[in-house]
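Below is one structure; the comments refer to it alone.
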Amino acid sequence: MLDEVIISGLTKNFGDLVAVDHMELNIPEGTIFGLLGPNGAGKSTTTRLLSTLLRPTDGTASVGGFDIIDDPVNVREITGVLPEEGNHTIYPTLTAYDNLLYFARLYDVPEDEIHERIEELLTFMELWDRKDDKAGELSTGNRQRLALCRAMLHRPRVLLLDEPSSALDPVAAKRVRELILGLSQKYKQTFFINSHNLPEVQRVCDRIAIIDEGKILLQGPTQELRSKLHAKQEFRIRIVGDVSKASSIAKSMNFVENVEDEFDSILVTVDNPTENNSELMQALLSDGVKIVEFAEEGATLEDLYLEVIKGGSA
Ligand SMILES: Nc1ncnc2c1ncn2[C@@H]1O[C@H](COP(=O)(O)OP(=O)(O)OP(=O)(O)O)[C@@H](O)[C@H]1O
Ligand SMILES: [Mg+2]
């Protein structure tokens, strides 16, 4: 598979501050990639460099085979961008519909497809009934949805989305996830997503990188990173009856690392669960604990993220 985004030695200084520090990263075509990191880590600067809004201090990158320094016009043509202040890409005095119409023409979307595409996107983002509202009069979240529609309208090969769900309610955020997954399947687009929303990244992205102080600390397929760092896992055991009894049984097992009591369940961290879970379950059942659910809480990306940021590297 070809690499749609290739970042080599990419560096951006603002005075003495190194915002992006010799970044190396390859993103295969069709990947949904997530860039995670704390505030000020350099995520937005990376997106601005890739979208040719900023010029690197050193190094370079290519997007869809076009170099960001030598070929910025072509890079812009094949990318769709949701900047950090997504709302600013929208003209407040134009209606939602006319904003999209304007951008469709700017990007040479075939005239006979424009209406259908706008209707499809606005409907999907539950904005169709607001199409005649002035963009400036929409709520922040609705403007964010409109900005997302705008970024996707010309079906760019690469989408650079900076915190796409930051202003969205959970229902809209779910829609955006569905949209991203749907588009990536249908058009094999490549997504480069900055996010703080770790569970969301976990659900959507097939590759991630964790960045801090401009440096990539860890990168790889989401699945692989999760299992690599977590030989132990957390399970939720929901029970009917005495939680404290179940809790003390679990605590007595030598492979149980931690137990937390909750209202109707215990959260148990188990070493090597494939070996040990059945023993734990048997111990509970033979002492008369009524188990109604035994579910994997999983190693969340949050654990992974904290571990990497805390440790400096993995
Ligand atoms: N135009 C600029 N001039 C000077 N410093 C800048 C500029 N843009 C970004 N920085 C600095 O570069 C560093 C990286 O900023 P960036 O916006 O890329 O972080 P981020 O990871 O997107 O953070 P957040 O999660 O808060 O959006 C920060 O220290 C920031 O203050
Ligand atoms: Mg940012």
Practice task
Quick one: among N254, N39, N272, which has the greatest mean-square fluctuation in a GNM of the chain with alpha-carbon springs under 10 angstrom?
Solution key: N254
Handout entry: For region 231-298, average projected area of the Cα convex hull in nm²
Key = 3.8 nm²
Handout entry: Choice from V240, V109, V268 showing the highest fluctuation, given a GNM over the chain with Cα pairs closer than 10 Å
Key = V240
Fill in the blank from the handout: Here the FRET efficiency for E297 versus T93, based on Cβ atoms and R0 = 35 Å and rounded to 0.05, is 0.10
Handout entry: Rg and Dmax [Cα atoms of the chain; Å; Rg one decimal, Dmax integer]
Key = 23.2, 71
Practice task
Go through region 194-289 and name the GluC sites (Glu not before Pro) that are in a DSSP coil and have 15 or fewer other Cβ atoms within 10 Å of their Cβ.
Solution key: E262
Completion exercise
On the accessible surface of region 231-298, probed at 1.4 Å with all protein chains in place, carbon and sulfur together account for a percent value of 45 percent
Practice task
Just need the relative contact order of region 231-298 here, percent rounded to a whole number, with Cα pairs under 8 Å and 6+ apart.
Solution key: 48 percent
Fill in the blank from the handout: Of every hundred units of 1.4 Å-probe accessible area on region 25-83, the number belonging to carbon and sulfur atoms, as a percent, is 47 percent
Practice task
Could you work out how far apart the two model spin labels at E29 and E116 are, taking each label as a point 7 Å from the Cα in the direction of the beta carbon, and quote it in nm?
Solution key: 2.4 nm
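Determine the per residue accessible area of region 3-221 with all protein chains present and a 1.4 angstrom probe, expressed in square angstrom.
Using a 1.4 Å probe on heavy atoms only, each residue of region 3-221 averages 44 Å².
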Problem - Shape call, region 19-61: gyration tensor on alpha carbons, a/c limit 1.5 - result: oblate
Completion exercise
A chain fully extended from S252 to E126 at 0.36 nm per residue, minus the present Cα-Cα distance, gains in nm 40.1 nm
Practice task
Read phi for every residue in region 115-130 and hand back ³J(HN,Hα) as whole Hz from Karplus 6.51 cos²θ - 1.76 cosθ + 1.60, θ = phi - 60°, with x for Gly and Pro.
Solution key: 4, 4, 5, 5, 4, 4, 5, 5, 5, 4, 8, 6, 10, 4, 6, 9
Completion exercise
Distance in nm between M281 and D169 label points, each 7 Å along Cα→Cβ, equals 4.0 nm
Fill in the blank from the handout: Quick calc: nm separation of the 7 Å Cα→Cβ label points for T57 and Q185 -> 4.4 nm
Exercise for the section: Can you tell me the relative contact order of the chain? Whole percent, Cα pairs under 8 Å, sequence separation 6 or more. Expected result: 19 percent
Fill in the blank from the handout: Residue-ordered couplings for region 71-76, obtained by feeding phi - 60° into the Karplus form 6.51 cos²θ - 1.76 cosθ + 1.60 and rounding to whole Hz (Gly and Pro as x), are 9, x, 5, 5, 4, 5
Practice task
Compare the peptides 177-185, 242-250, 160-168 by average per-residue count of other Cβ atoms within 10 angstrom and give them in order, highest first.
Solution key: 160-168, 242-250, 177-185
Handout entry: Residue-averaged [θ]222 nm for the chain, counting only DSSP H segments that reach four residues, each worth -39500 (n - 2.57)
Key = -11500 deg cm²/dmol
Exercise for the section: Heads up, I need the accessible area for T123: 1.4 angstrom probe, whole protein in place, Å², nearest 10. Expected result: 70 Å²
Problem - Where region 231-298 is the region considered: accessible area per residue in Å², 1.4 Å probe - result: 56 Å²
Exercise for the section: Specify the residue with the greatest mean-square fluctuation among V292, V63, V75, computed from a Gaussian network of the chain linking alpha-carbon atoms under 10 Å apart. Expected result: V292
Handout entry: Relative contact order (%) - region 1-120, alpha-carbon pairs under 8 angstrom, separation at least six
Key = 21 percent
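The values are calculated or read from the model by the stated rules, or taken from the named source; none is laboratory data. Predicted, not measured: the structure shown is a model, and the values here were computed from it. Reconstructed Cβ throughout: ideal geometry from the backbone, glycine too, with neighbour counts over all protein chains shown. Heads up: the accessible areas ignore ligands, DNA and RNA and are worked out on the full protein's heavy atoms, side chains in. Shrake-Rupley method; radii C 1.70, N 1.55, O 1.52, S 1.80 Å.
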